[in-house]
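The values are calculated or read from the model by the stated rules, or taken from the named source; none is laboratory data. In this text, all values refer to a predicted model and were calculated from it rather than measured experimentally. Here the Cβ is made from the backbone with ideal geometry for all residues, glycine too, and neighbour counts use every protein chain on show. Ligands, DNA and RNA are excluded from the accessible area calculation, which covers all protein heavy atoms including side chains. Shrake-Rupley method; radii C 1.70, N 1.55, O 1.52, S 1.80 Å.
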Amino acid sequence: MEQMTIKTTPIEGQKPGTSGLRKPTRTFMSAHYLENYVQAIFNGIGGVAGKTLVLGGDGRFFNDRAIQVILRMAAANGVAHMIVGQGGILSTPAASNLIIQHKTDGGLILSASHNPGGIDADFGLKYNVPAGGPAPEDVTAEIFAQTTTLSEYKILEAQDVDLSTLGSSDLAGMRIEIVDPVHDWADLMETLFDFDAIRALFAGGFTFRFDAMHAVTGPYAEDVFVNRLGAPQGTVLNGTPSPDFGGGHPDPNPIWAKPLVDLVMGPDAPDFAAASDGDGDRNMILGKGLYVTPSDSLALLAANAHLAPAYKDGLAGVARSMPTSRAVDRVATAKGLDCYETPTGWKFFGNLLDAGRITICGEESAGTSSDHVREKDGLWAILLWLNILAVRKKPVLDLVRAHWAEFGRNFYARYDYEGIEAESANTLFSGLRDALPGLVGGELGGRIVETADEFSYHDPVDGSVSSAQGLRLTLSGGGRIVFRLSGTGTVGATLRVYLEEATDDPAAVDWDQTEVLAPLAALADDVAGIARITGRTAPDVIA
C-alpha cells in the first residue's frame with residue numbers, strides 16, 4: 001500500500017451545475033477526470049483531513065469503480081471515517097439522511113439523477129454539505145475554482161475495498177463503515193407516517209403499483225411497501241437495480257414511464273400508482289385514469305400534510321421553484337402560510353429548511369420533500385400520498401377534483417427541447433431577454449403582458465443574490481410563460497418552456513389541459529422564435 005501524489009493539469013468544463021457535475025460516462029472514465037474533480041472537491045471544502053464523509057451512488061455504470069477511486073483518494077487525503085452504502089449504493093435521500101443522522105462533514109453522491117446510465121450514457125458526482133443538502137453556490141464556485149488551478153492529486157495504490165459485507169474495515173488508517181443502504185431511511189419513514197393506517201388500506205384490498213424503473217429505489221420500495229406495509233408481492237415493478245436502468249430512461253414522467261401510464265388508463269388500473277427515478281429523489285403520481293402533475297401533487301400534499309403524524313401540527317411554510325406552477329401558492333394563501341419562490345435547484349431550499357421557515361417544498365420536475373432530509377425524496381412523497389388516501393378514503397381522481405374545487409385549478413405543462421445546438425439556444429435566449437422590456441403593457445395573442453422579466457432570487461436567510469434564473473412573462477387572465485436553459489443535461493442545451501393558465505371557474509375541473517394550454521404554447525413559440533431559430537417544430541418531451 002503506497003500513498004502517491006500524481007501530477008496533473010486542469011481539465012476544462014468541470015463546472016458543477018444545479019446538482020453537481022454531470023458528464024457522459026466516458027468523460028468521467030477518461031484519464032485523471034474523476035480524480036481531478038474529487039481532489040477539487042476536497043480542496044474546495046477546505047480539506048478533508050480528520051473528517052467523516054458519507055459515500056454512495058445510484059448504481060449506474062461506473063459507480064462501483066468510482067467508489068473505489070474515491071475511497072483511495074479519501075484515505076490519501078487524511079479522511080478519518082467513510083460511511084458507505086453496501087455495494088456502494090445509496091439513494092440520494094438516504095445519503096442525505098445518513099449525513100444528518102451521523103452529523104458528518106458532508107458526503108459524496110454519485111448520480112446523474114434521471115439521466116440514462118451506461119458506458120455511452122451519463123454519470124455524475126456532487127458534494128452535499130453537513131446539513132445534508134446540495135452544496136450552495138459559494139461552495140460550488142470554490143470547487144470550480146480549484147478545478148482551474150489543480151496541479152496534483154493524492155491517491156493510494158491499494159487493493160479494492162470489500163463493499164459487500166456490512167461492518168468496519170481499515171484503509172491506511174481510515175475507517176470504512178459499510179452500512180445497510182435501506183434500513184436507516186426506512187426507519188425514518190416509520191416516524192413520519194401512520195403505517196398502521198396504510199397497512200389497513202392495503203389489507204382492505206386497495207391496489208397499488210410502484211415502478212422503480214430498474215433504478216435505486218427497488219430495494220427501498222420492497223422493504224417499505226411490501227415488508228413493512230403489507231402490500232402484496234408484485235406491487236413493485238422493475239425493482240432490480242441495473243447499471244443501465246434496464247436500457248431505459250429513469251425519469252418518472254408520462255413519456256419514459258409510459259407502461260405505468262398505460263396501466264392506469266386501462267381496464268385493469270390499480271387504485272394508485274407511482275414511480276421514482278435513477279437516484280430516488282423524484283416521483284410520479286397516478287390514479288385510475290389520471291396523471292397528477294408534480295405541481296398539483298405539491299399543492300395537494302401541502303393542503304393535506306396534517307393528516308400524517310409528522311405534520312399534524314401544521315406547516316411552517318412552503319416553497320416552490322420559480323417555474324413550478326402557482327397551485328401551491330393558492331394553498332398557502334388559503335391556510336395563511338408563507339410561500340417562497342426560489343430558483344431551480346434543490347440547494348435553494350436548504351437555507352429555508354435550516355431556518356425553519358418552510359416544512360414542505362417542491363419543483364415541477366417531480367421533486368418533492370420536507371424538512372426530514374435536505375434532498376427531494378420520491379418515496380417520501382408517495383408515502384405521504386398513501387397516508388392521505390388512507391385517511392381520506394377517496395380515489396385519487398376524487399381527491400384531485402375536490403382540491404381544484406376548493407382552491408382553483410392551475411393548468412400546467414413543461415415543454416422540453418433537448419440537445420439544441422448551444423449557439424442556437426444562446427441566440428434564442430439572448431434575443432428574448434433583450435425583447436422583454438418592450439413587451440410590458442403590450443398585447444400578445446389578444447392578452448396584455450402584465451410583467452416580463454428575468455428572475456433574480458434574494459435569499460431571505462443569508463441575503464445572497466442569484467441572478468439570471470429564467471425569463472418570465474405573465475399575461476392577463478392568469479397566464480404565465482417561463483423560459484429556461486437547463487443545467488441537468490450533458491450534451492448540447494435543453495430549452496425548457498413552462499406554460500401555465502389559472503382559473504377559479506368551478507367548471508374547470510372538467511376542462512382538457514391540452515386544449516387549455518394550446519394557445520399559450522403557440523404564443524411561446526412565436527414570441528421566442530423557437531421553430532425559426534432552432535428548427536424544432538415540437539418538443540421532445542411534454543411533462
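So for CYS361, CYS339, what's the accessible-area order with a 1.4 Å probe, most first?
The ranking, largest first, comes out as CYS339, CYS361.
Can you give the accessible area of LEU188, probe radius 1.4 Å, in Å² rounded to 10?
40
Do any of LYS312/LYS376; LYS288/LYS347; LYS7/LYS347 go past 28 Å between their Cα atoms, and which?
Checking Cα-Cα distances, LYS288/LYS347; LYS7/LYS347 exceed 28 Å.
Report the FRET efficiency, 1/(1 + (r/R0)^6), for SER456 and LYS394, where r is their Cβ-Cβ distance and R0 is 30 Å, rounded to 0.05.
0.15
Of SER169, ALA66, THR235, which is farthest along the charge dipole of the chain in the positive direction, counting Lys and Arg as +1 and Asp and Glu as -1 at C-beta?
Most positive-ward Cα: SER169.
Would you work out what percent of the accessible area of the chain, with all protein chains in place, is carbon or sulfur (probe 1.4 Å)?
Answer for the chain is 50 percent, counting heavy atoms of protein chains only.
For the range 205-225 and the range 490-536, what is the separation of their C-alpha centers, rounded to whole Å?
Centre-to-centre distance over Cα atoms comes out at 33 Å.
How much mean residue ellipticity at 222 nm does the chain get from its helices, if each DSSP H run of length 4 or more adds -39500 (n - 2.57) and you divide by all residues, to the nearest 500 deg cm²/dmol?
Calculated from helices alone, the mean residue ellipticity at 222 nm is -10000 deg cm²/dmol.
Using a simple spin-label model with points 7 Å from Cα along the Cα→Cβ vector, what separation in nm is obtained for ARG228 and ALA200?
In this crude label model, ARG228 to ALA200 measures out at 2.0 nm.
Between rounded, prolate and oblate, where does the range 87-144 land on the alpha carbon gyration tensor, with a ≥ b ≥ c its root eigenvalues, rounded for a/c under 1.5, else prolate if a/b exceeds b/c?
Cα axes put the range 87-144 in the oblate bin.
Across the range 20-25, in residue order, what do the Karplus-derived ³J(HN,Hα) couplings come to in whole Hz, using 6.51 cos²θ - 1.76 cosθ + 1.60 with θ = phi - 60° and x for Gly and Pro?
x, 9, 10, 8, x, 4
Can you figure out the FRET efficiency of ASP434 with THR240, using R₀ = 45 Å and their beta-carbon distance, to the nearest 0.05?
On the way: r = 51 Å, r/R0 = 1.13.
Once the sixth-power term is evaluated, E becomes 0.35.
When the expected Rg is taken as 2.2 N^0.38 Å, what fraction or multiple of it is the alpha-carbon Rg of the chain?
It is 0.95.
Per residue, how much accessible area does the range 244-323 have with a 1.4 Å probe, in Å²?
I get 29 Å² per residue for the range 244-323.
Of the options GLY362, HIS114, LEU499, report the single residue whose Cα projects farthest towards the positive end of the charge dipole of the chain (beta-carbon charges: Lys, Arg +1; Asp, Glu -1).
GLY362
Could you list which residues have their amide H under 5 Å from that of ALA135, counting only those 5 or more apart in sequence or on another chain, with H placed in the peptide plane?
TYR127, VAL129
If amide H atoms are built 1.01 Å from N in the plane of the peptide, which residues on other chains or at least 5 residues away come under 5 Å of the amide H of GLN3?
Residues meeting the amide H criterion: GLU157.
Over the chain, calculate the relative contact order: mean separation of alpha carbon pairs under 8 Å at least 6 apart, over the residue count, as a percent.
Dividing the mean separation by the residue count of the chain yields 14 percent.
For the range 226-232, what does the Karplus curve 6.51 cos²θ - 1.76 cosθ + 1.60, with θ = phi - 60°, yield as ³J(HN,Hα) per residue in whole Hz, taken in order and with x for Gly and Pro?
8, 6, 8, 10, x, 5, x
Work out how far the C-alpha atoms of the range 102-187 reach from end to end along every principal axis, then list the three figures in whole Å, largest first.
Rounded to whole Å, the extents work out to 38, 35, 34 Å.
In whole angstrom, how far apart do the alpha carbon centroids of the range 165-181 and the range 465-487 sit?
When both Cα centres are located, 47 Å separates them.
Taking amide H positions as placed in the peptide plane 1.01 Å from N, state which residues far from VAL54 in sequence (5 or more) or on other chains have amide H under 5 Å from it.
HN-HN under 5 Å from VAL54: ILE83, GLY106, GLY107, LEU108.
Ordered by packing density, taken as the mean number of other Cβ atoms within 10 Å over each peptide's residues, highest first, how do 44-51, 299-306, 110-117, 498-505 rank?
Packing proxy ranking, top to bottom: 110-117, 299-306, 498-505, 44-51.
Just check the range 1-73 against the gyration tensor rule for me: Cα atoms, a ≥ b ≥ c as the square roots of the eigenvalues, rounded for a/c under 1.5, and otherwise prolate or oblate depending on whether a/b exceeds b/c. Walk me through the numbers on the way to the answer.
Numbers: a/c = 1.25, a/b = 1.18, b/c = 1.06.
Cα axes put the range 1-73 in the rounded bin.
Heads up, I need the accessible area for LYS312: 1.4 angstrom probe, whole protein in place, Å², nearest 10.
130
Going by Cα centres, the range 253-331 and the range 1-21 are how many Å apart?
With the range 253-331 and the range 1-21 each reduced to a Cα centre, they are spaced 38 Å.
Calculate the spin-label point distance for LYS335 paired with LEU166, positioning each point 7 Å from the Cα along the beta-carbon direction, and give it in nanometres.
3.6
Rolling a 1.4 Å sphere over the protein heavy atoms, what is the accessible area per residue of the range 442-543, to the nearest Å²?
Counting only protein heavy atoms, the per-residue value for the range 442-543 is 45 Å².
Assuming R0 = 25 Å, can you tell me the calculated FRET efficiency for the pair ARG65 and GLU142, based on Cβ-Cβ distance, to the nearest 0.05?
Using R0 = 25 Å, I get an efficiency of 0.40.
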